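No value in this document is a laboratory result; all are computed from the given coordinates. If you're wondering where the values come from, they're calculated on a predicted model, not measured in any experiment. In this analysis, Cβ positions are derived from the backbone assuming ideal geometry, glycine residues included, and neighbour counts consider all displayed protein chains.
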Amino acid sequence: MILQNFNDYNKAVSFLDSLIDIVGENGKHPLASLMELVGVLIEQYENINVPEF
């Protein structure tokens with residue numbers, strides 16, 4: 001998954017929110033690594049496209 005625009009970013013954030021609801025703090029949950037990966041993709045998009053104040 002590559003976040004190419006703001007629409008992709010919003011979808012990824014919604015997806016991450018859903019994963020957080022499912023996984024919670026359980027690092028051994030089968031979806032925990034996917035949750036981490038989506039978080040990294042969102043962070044990379046923000047680092048490139050969101051100005052720091």
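Any residue at all in the stretch 13-36 that is touching a residue at least 40 places away in the same chain (Cβ under 8 Å) and surrounded by 14 or more Cβ atoms within 10 Å (Cβ to Cβ)? Scanning the stretch 13-36, I find no residue that is touching a residue at least 40 places away in the same chain (Cβ under 8 Å) and surrounded by 14 or more Cβ atoms within 10 Å (Cβ to Cβ), so the answer is no.
Annotation note: of ILE48, ILE2, the sole residue that is part of a helix (DSSP H, G or I), surrounded by fewer than 10 Cβ atoms within 10 Å (Cβ to Cβ) and of a type in the set (A, V, I, L, M) is ILE48.
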